[in-house]
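For reference, the structure is listed below as structure tokens.
The values are calculated or read from the model by the stated rules, or taken from the named source; none is laboratory data. Not measured: the values here are computed from a predicted model. All Cβ positions, glycine included, derive from the backbone under ideal geometry; neighbour counts span all protein chains shown. Ligands, DNA and RNA are stripped out before the accessible areas are found, and what is left, the full protein with its side chains, is counted by its heavy atoms. Shrake-Rupley method; radii C 1.70, N 1.55, O 1.52, S 1.80 Å.
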Amino acid sequence: MNRILLTVSALVKDNLRNRFVIFWIIIFPIIITLLFGLVFGGFSSYFHVIVAVEGDYGLAKYLNTTEIFQGLTNVSLKYAVEHDYIYVKVNGSSFTIYTSKQNQEFVPVLESVIDQYYQKVNNTRDFTVLQISGYTYYYYLISGIIGIISLSNGILSTIGVSASYFRDRIIERLATSPLKSHEWVISLIIYVIIITLISTAAVIILGILFGFIPIIGIEFLGFLVISTLLFGGLGAIIYGLTPKDKIFLSEIVANVLVFPLMFLSNAFFPPNVYPPIVRIFVEYQPLSVIITIIRDLIVYGVSPNPILVSIVFFFTVLFLYAGGRLLKLREID
């Protein structure tokens, strides 16, 4: 255990003195958060505004023919509030519209569309607008960034440290020490978890400035560690399978894998804004599943889908086992 602690300490000191490492674990997630937060802070202005309708399926269907609204049915008010949807309750000629402050600007247009739909009915329509506290795009964005942190730190940091230590022949020196292979793997995993927590803390602090108040609990922290271990194990597998005379290939593969998963996910936008041809992939690819669970825990404060959690846990164990077998300290012997 003492050798593991000493190795972790050396990894943290060595890498956190590197400005390039500091950029990727702190500056990069902050830049991404600021970029998307400032550009897409009025998220609903750029995409279809989702309207949940209770009491008239035809109205929901009609909303889908407009340029701005997307109608849904069979959605509860609680779910609509959690996901920042506009909620319309139809009761004869009375319409109660529940909306967040962010979506308030769309209410007059929505009322006009409703009038158009019922134009053949001569009854006077009565609209009641109730403003409810909803979750803004910043809640959506920052919870997505936290998922990206587990992805990028898990894969890129595991491969980056291993590859750089191999090129600098540090691995050779460690191989001549009493440090065992499993102790090296555990040390590397702990280091990746530490930098993930640092990155997450930096993004959450930034998010507080945008009004994001996260629900931090042991479940969230535990799952953040699990998701980091999953991607760290995947990184170890990629590195372990790469021929050591072409170690640069592991870093290329890592980047080719990370960036499509990052931008084709539900981190920045919900799956419904993507073209139908990629929508299923966006919703169910590994990073999106992890972000969905993180949002349930840190934003909505609800228990995540146990099936999704079980799947993530299974692949975490599988990847860690395979990665630990491949990421051997004395593989150069």
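Points worth noting:
- Solvent-accessible area, 1.4 Å probe, carbon plus sulfur percent, for the stretch 49-131: 47
- Per residue, the convex hull volume that the Cα atoms of the chain enclose (Å³): 134
- Net charge contributed by nearby residues that have their C-beta within less than 11 Å of residue 236 (K/R +1, D/E -1): +2
- Relative packing of peptides 180-186, 243-249, 303-309, 254-260 - highest average C-beta neighbours within 10 Å first: 180-186, 254-260, 303-309, 243-249
- Note on the chain: antiparallel DSSP beta bridges, both residues inside, total approximately 25 percent of the bridges counted.
- For the chain, averaging the sequence separation of C-alpha pairs within contact (under 8 Å, six or more residues apart) and dividing by the residue count gives a relative contact order of 20 percent.
- Under the membrane-span-like helix rule (DSSP H runs whose alpha carbons stretch at least 18 Å along the helix axis, mean Kyte-Doolittle hydropathy -1.0 or higher), the chain yields 2-16, 137-152, 181-209, 218-241, 248-263, 306-326.
- For the stretch 49-131, the equivalent ellipsoid derived from the Cα gyration tensor has semi-axes of 18, 13, 13 Å, listed largest first.
- Rounded percent of accessible protein surface that carbon and sulfur make up, the stretch 258-323, 1.4 Å probe: 78
- Theoretical ellipticity at 222 nm over the chain - DSSP helices of four or more residues, -39500 (n - 2.57) apiece, nearest 500: -18500 deg cm²/dmol
- For residue 313, the accessible area of its heavy atoms, probed at 1.4 Å with every protein chain present, is near 120 square angstrom.
- Formal net charge of residues neighbouring residue 298 (Cβ-Cβ distance under 13 Å; K, R +1; D, E -1): -2
- Accessible area (Å², per residue) of the stretch 49-131, counting only protein heavy atoms and a probe of 1.4 Å: 55
- The residues of the stretch 229-292 have, on average, 44 Å² of accessible surface per residue, using a 1.4 Å probe with all protein chains present.
- For the stretch 100-212, a Kirkwood radius taken over Cα pairs fed into Stokes-Einstein (10 °C, viscosity 1.306 mPa s) yields D = 83 µm²/s.
- Within a Gaussian network of the chain (alpha carbon springs, distance under 10 Å), most fluctuating of 312, 12, 289: 12
- Expressed as a whole percent, the accessible surface of the stretch 154-216 that belongs to carbon and sulfur atoms is 71, based on a 1.4 Å probe.
- Most mobile of 95, 220, 269 in a GNM of the chain (Cα contacts under 10 Å): 95
- For the stretch 189-333, the direction-averaged projected area of the alpha-carbon convex hull comes to 10.1 nm².
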